[in-house]
Amino acid sequence: MPSVSFYTLGCKLNFSESSSMARQLERLGFERKDFTSGADVYVINTCSVTDHADRKCKKVVREALKHNPNAFVAVVGCYAQLKPEEIANIPGVDVVLGAAEKFNLAEHLSNFTKSIGAASIFNKPIKETNTFVPAFSSGDRTRTFMKVQDGCDYFCSFCTIPLARGRSRSGYIEDVLKQAEEIAQTGTKEIVLTGVNLGDFGSQTDEDFLGLVKALDKMDSVERFRISSIEPNLLTDQIIGQVAASQKFMPHFHIPLQSGSNKILKLMRRRYERELYASRVEHIKNLMPHCCIGVDVIVGFPGETEEDFLDTYNFLNELDISYLHVFPYSERENTTAVRMPEVVPLKDRGRRTEMLRILSEKKRRHFYKQHIGSSRPVLWESDKDDGMMHGFTDNYIKTTMPYDPLLVNEIYECELMQINNDGIVDADVEIQIAN
C-alpha cells in the first residue's frame, strides 16, 4: 500500500483542501502518514500570501527528502499557480499542480516515478479556473473548516489571490447542506465557514450568503457554526441580525479592515471607508454586546505616513473590538502596489507592527476581563498540555481546565474564573448543555 504525507502552508482554506485531497487518495488505497514517517509521496500545498513562499517551499522539500530520499514530491496550490517554473526547478520536486489541477492530484500519482531534471508542470491559465470544488478539513472531531466559496473578484492592489485562485465562485446552498450533514455524521460539533471572499457566496448562482446562513441555521445535526472572515461591505445588517437571533451561529465575526486611514484604503482599492467599518462594529455590539470581533490590519503599505499609521492606531484603539491580526506589508509581484512610490522602510513596518500587536493584546485582555465571573458555553478540545485541556466559548474566549476525557468534544456551560499567566481564562464546568 503506497503512503502519502501532506504539508500545508497558509490559510484554513488550504487546510480544508489538503484534507479533501488526502481523503481522495485514501479512497484510492493510499495510507496517510506523518511527515517524519518517510512516506512514498509528499504533497506540499503552498500559499502565495505568506512571506518567503519560495524559501519555505524549498525547506519543506528538503526536509521531506531527508525522511525518504526516493519520495515523489508534488507541490500544489497558490504559489504553484503563480510561480510554477520556479518551483519546478527546486531539486527533488517531481510535479507542480496549479489551482485547478491540484484537485486532479490522484491522476498525477499513478506511477509516482522520480523526475529527471525539472519537474512536470500542469498549470492551466487562471482564467480557466472557474469550477468550484468543495472541501473540508478532517482529523479534528471538535471543529471542521468547510470551504463554501473560492476565488475573488476584488483585485485589491496588494493581493495576488485573484491571480492564484481565480474569480469568485461557490456551490449551491443545497450542496453545502449535504456537505454539512456529511461532516455532522463524523461527530464534529462546530463547522467554520471558510472562503476567499466568503460574503460573495452565491454571486454567480442567484443565491447569497444570508440565504446560506438561514439554511444552515435550520440544521438539527450541527450544533455550532462560525463565520471565519467576511468583508465589511458584504457584512449586511441582515446577516448581523440573523447571527444575533441564531442559537447555532456563534457571536464572533472576523472583519478585515487593513487600514484605518481612508487615504490608504483608497490606495489599497478596498471597497469601503472607515466610517462604514465603524458602523458595522457599532451595529454588532448594539445587538450582541458579548460578541467577539477580530480585525485584519496591514501596516507599512506604500504611501503610509506616520500620520496615516497613527490614524489607524487611534481608530482601532477607540473601536470596541477584541483582537487584531497584524501583517507588515509585503511586496508581491504582479500587483499594483509593488509599483507604488513612497515605499515604507522595513524598520518602520516592523515598529508599527509591534505597536499594533501590543494593542491587540490589550484589546484581547480587556475583552476577556469583561466576561470574568460570567458563564458561557465552551466546546472542549482533545489537546492536552501539562495535564490541562483547552476550549473556546461561543464568543471565542480561549479557556482551560484540568484534563477530563469526558469533556472532550462536549459543550458545557462554564464559569469564567480568571485570566491566568498564559493569558487564557481558567474555567469551571457548571452543566452540560449539548450532547
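The values are calculated or read from the model by the stated rules, or taken from the named source; none is laboratory data. Here the structure is a predicted model, which is why all the values come from computation and not from measurement. Cβ: placed from backbone, ideal geometry, glycine included. Neighbour counts: every protein chain shown.
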Worksheet item: For region 285-394, which fully contained strands (runs of 3 or more DSSP E) count at least 1 residues that are more than 24 Å from Leu416 (Cβ to Cβ)?
Response: 292-299, 323-328
Discussion item. Tell me yes or no: at least one residue of region 205-223 is β-branched (Val, Ile, Thr), crowded, with 23+ Cβ neighbours inside 10 Å and without any contact (Cβ under 8 Å) to a residue 40 or more places away in the chain.
Written reply: no
Worksheet, complete the sentence: Filter region 66-98 for residues that are among the acidic types (Asp, Glu) and either surrounded by fewer than 16 Cβ atoms within 10 Å (Cβ to Cβ) or in contact with a Gly (Cβ under 6 Å, 6 or more places away or on another chain) (or both); the one that is modelled with the highest pLDDT is Glu85
Worksheet item: Residues in region 140-164 that are over 30 Å from Ser221 (Cβ atoms) and not β-branched (Val, Ile, Thr): how many?
Response: 11
Response to the item:
Only one of (1) in contact with a helix residue (DSSP H, G or I) (Cβ under 7 Å, 6 or more places away or on another chain); (2) on the phi < 0 side of the Ramachandran plot; (3) in contact (Cβ under 8 Å) with a residue 24 or more places away in the chain does not apply to Asn334, and that is (2)
Item to complete: From the list Glu107, Glu26, Glu101, Glu63, pick out the single residue that is modelled with pLDDT under 90 and of a type in the set (Asp, Glu).
Response: Glu107
Worksheet entry | Number of the exception - Ile239 against (1) outside any loop (DSSP other than H, G, I, E, B); (2) not assigned by TED's automatic domain parsing to the domain that holds Val176 | (2)
Worksheet item: crowded, with 20+ Cβ neighbours inside 10 Å, closer than 30 Å to Val338 by Cα and either hydroxyl-bearing (Ser, Thr, Tyr) or free of Cβ contacts under 8 Å to residues at least 24 places away in the same chain (or both) - does that describe any residue in region 266-288?
Response: yes
Worksheet item: Do we find a residue being in a helix (DSSP H, G or I) and loosely packed, with under 15 Cβ neighbours inside 10 Å anywhere in region 245-260?
Response: yes
Worksheet item: Is region 180-187 home to any residue that is assigned to a loop (DSSP other than H, G, I, E, B), among the hydrophobic types (A, V, I, L, M, F, W, C), touching a Ser or Thr at 6+ places or on another chain (Cβ under 8 Å) and not assigned by TED's automatic domain parsing to the domain that holds Cys57?
Response: no
Worksheet item: Would you say Glu26 is under 19 Å from Ala119 (Cα atoms) and either among the acidic types (Asp, Glu) or within 20 Å of the chain's Cα centre (by Cα) (or both)?
Response: no
Discussion item. Of all residues being assigned to a helix (DSSP H, G or I) and touching a strand residue (DSSP E or B) at 6+ places or on another chain (Cβ under 8 Å) in region 269-284, which is nearest to His371 (Cα to Cα)? Just the residue, please.
Written reply: Ile284
Practice prompt. Quick one: which residue in Ser137, Ser170 is without any contact (Cβ under 8 Å) to a residue 40 or more places away in the chain, surrounded by 17 or more Cβ atoms within 10 Å (Cβ to Cβ) and not assigned by TED's automatic domain parsing to the domain that holds Asn334?
Written response: Ser170
